[in-house]
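Accompanying notes for the structure given below.
The values are calculated or read from the model by the stated rules, or taken from the named source; none is laboratory data. No experiment lies behind these values; they were computed from the predicted model shown. Every residue, glycine as well, gets a Cβ built from its backbone with ideal geometry; the counts of neighbours run over all protein chains shown. Each accessible area value is taken on the protein alone, full model and side chains, heavy atoms only, with ligands, DNA and RNA left out. Shrake-Rupley method; radii C 1.70, N 1.55, O 1.52, S 1.80 Å.
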Amino acid sequence: MLLPSRWPAVLQAVMKGQPRALADSHYPQWHPAPVTGLMNDPNGFIFFAGRYHLFYQWNPLGCDHRYKCWGHWSSADLVCWAHEPMALMPDEEYDRNGCYSGSAVDNNGVLTLCYTGNVKFDDGGRTAWQCLAVENEDGSFTKRGPVLPLPEGYTGHVRDPKVWKHEGTWYMVLGAQDLQKRGKVLLFASDDLHRWHSCGEIAGHGINGLAQAGYMWECPDLFALDGTHVLICCPQGLAREPHRYLNTYPAVWMSGAFDYQAASFSHGELHELDAGFEFYAPQTTLAEDGRRILIGWMGVPDGEEMLQPTRARGWLHQMTCPRELRYRDGKLWQTPARELEQLRESEHQWRGHASAAPVLDATRLEFELSAPFVNVDFAGALRLCLDDGGLRLERASLQTGETLTRYWRGEVHRLRILCDRSSVEIFINNGEGVMSSRYFPDHPARVRFEGASDITLRYWSLRGCMIE
């Protein structure tokens with residue numbers, strides 16, 4: 001439990017840690033990242049009262065997964081972010097072991113947080129409460145306490161409420177593990193956000209023909225998009241395949257028909273949401289103009305995260321860029337939010353043999369590339385290879401030094417790539433696929449192109465946009 005007596009320690013950690021983080025050559029210049037400590041899941045992503053609000057899992061006291069608080073940023077344009085008062089700290093009995101992930105809603109003009117209070121017992125057991133907190137006039141939040149105890153038939157792994165309103169009724173999806181240790185998504189409904197009733201299971205192991213679907217489904221997000229419904233989720237325990245699900249835990253999407261009356265979701269197969277090395281726990285919201293916007297954590301739990309060199313500078317992880325989602329031709333398409341074009345500086349174009357292309361500064365960079373057979377080298381620390389089957393992304397293991405590979409399979413005809421100091425986001429064929437990865441090059445880092453194919457290259461340097 002992070003008692004009130006530890007609050008001065010948080011302030012001291014931020015005051016001491018921020019200068020170290022900002023001086024790190026790997027600290028991002030336009031992606032949101034923690035000023036100190038460990039950051040992971042995006043939480044409470046919402047457009048409210050004229051601004052976007054993005055909360056996030058944050059341990060300000062160290063680069064580990066203890067003391068989970070909710071940090072808070074806001075933005076008018078998804079590009080320039082500002083620090084807001086810390087929203088939640090684990091200082092109550094019902095959230096003593098962490099204020100875990102959740103969402104935010106506009107409840108009659110009151111910004112309201114819905115989150116999981118995590119409680120662990122001395123005997124190794126655990127439980128979870130779904131809780132509420134409401135915003136005060138000064139930007140702080142007052143906890144309203146638990147509104148939903150642990151449902152019967154499930155282990156203490158029930159968390160990550162995503163809440164929305166439909167025709168006057170509030171709905172909540174929760175990630176869960178049943179007593180047979182099988183991953184599920186649960187649906188609840190409420191008239192007032194306080195009294196909830198179960199509508200049953202809508203996805204997971206044994207539902208819609210899914211078998212061997214993992215032992216826990218985290219971070220569910222269900223929404224309507226372009227004439228269908230999409231469920232995004234993070235199933236833990238999916239079997240690795242030769243070209244899919246190669247991270248410790250993947251993020252997936254499935255589409256189908258959600259029936260509010262029957263409380264059922266008839267969906268198709270699972271698809272990997274991002275094929276890169278680092279992507280997890282994405283969350284979406286509606287933009288002011290109705291676009292569906294996604295932000296994910298550019299990290300993966302229980303992989304090589306604790307070996308990343310930024311830990312030595314007292315910080316760990318960053319968010320992805322915001323992405324627009326569309327559903328078309330049976331596929332979920334992701335493209336960088338159009339607002340990010342504000343970061344572009346002068347435009348350059350080049351055409352010729354790939355091996356003769358200009359060497360680019362990877363510090364803050366966006367480039368578009370026609371994609372015949374060509375390789376892209378990111379400062380010797382990350383390598384993108386195009387072949388007959390699609391894309392391979394390669395880098396060395398931080399633990400063993402062996403080459404690790406991630407794949408995107410399919411015909412590649414265009415790439416749009418966004419680079420920050422220690423991250424690369426690769427958008428394939430106008431958003432048909434994405435590969436998000438961290439990498440830790442020596443700076444100044446350079447991007448080089450290899451191959452005899454003719455390519456067309458369009459590129460921009462990006463201006464920095466630090467959190468205020």
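Remarks
- Per atom type, region 155-201 shows carbon and sulfur on 45% of its accessible surface, probed at 1.4 Å.
- Theoretical FRET efficiency, 1/(1+(r/R0)^6), r = Cβ-Cβ of LYS331 and VAL359, R0 45 Å, to 0.05: 0.85
- Given R0 = 22 Å, the distance between the Cβ atoms of ARG240 and THR403 translates into a calculated FRET efficiency of 0.85.
- The amide H of PHE45, built 1.01 Å from its N in the peptide plane, has PHE55, ALA104 as neighbours under 5 Å, considering only residues 5 or more places off or on other chains.
- Electrostatic dipole magnitude of region 300-363 [Cβ: Lys, Arg +1; Asp, Glu -1; Cα centre; debye, to 20]: 160
- A simple count of charges around ASP420, restricted to other residues whose Cβ falls under 11 Å of its Cβ and scoring Lys, Arg +1 and Asp, Glu -1, yields +1.
- Rolling a 1.4 Å probe over the heavy atoms of the protein chains gives the chain an accessible area of 39 Å² per residue.
- Ellipticity at 222 nm from helices only: DSSP H runs of n ≥ 4 in the chain, each -39500 (n - 2.57), divided by the residue count, give -1000 deg cm²/dmol.
- A DSSP coil position with no more than 12 other Cβ atoms inside 10 Å describes the following trypsin sites (Lys or Arg not before Pro) in region 178-212: ARG195.
- Loop trypsin sites (Lys or Arg not before Pro), region 404-468 (other Cβ atoms within 10 Å of the site Cβ: 14 or fewer; DSSP): ARG463
- Simple label model, 7 Å out from Cα along Cβ direction - THR456 to ARG344, nm: 1.4
- Taking 0.36 nm per residue of sequence separation and removing the Cα-Cα distance, the ALA189/ALA211 pair yields an extension gain of 5.2 nm.
- Column: log10 I(q)/I(0), Debye, Cα scatterers of region 176-275, q = 0.11, 0.13, 0.15, 0.18 Å⁻¹: -0.33, -0.46, -0.61, -0.85
- Rounded to the nearest 20, the Cβ-based charge dipole of region 323-468 about its Cα centre (Lys and Arg +1, Asp and Glu -1) stands at 180 debye.
- For the chain, the Cβ-based charge dipole about the Cα centre amounts to some 620 debye (Lys, Arg positive; Asp, Glu negative; other atoms uncharged).
- Average silhouette area of the chain, convex hull of alpha-carbon atoms, in square nanometres: 21.5
- In a DSSP loop and with at most 11 other Cβ atoms within 10 Å, the GluC sites (Glu not before Pro) in region 350-455 are GLU402, GLU411.
- Rounded Å value of the spacing that divides the Cα centres of region 398-463 and region 68-135: 34
- For region 425-431, the Karplus equation 6.51 cos²θ - 1.76 cosθ + 1.60, evaluated at θ = phi - 60°, returns couplings of 10, 10, 9, 9, 6, 6, x Hz by residue, with Gly and Pro reported as x.
- Summarising the label geometry, the points placed 7 Å from Cα in the beta-carbon direction at HIS197 and ALA257 lie 2.5 nm from one another.
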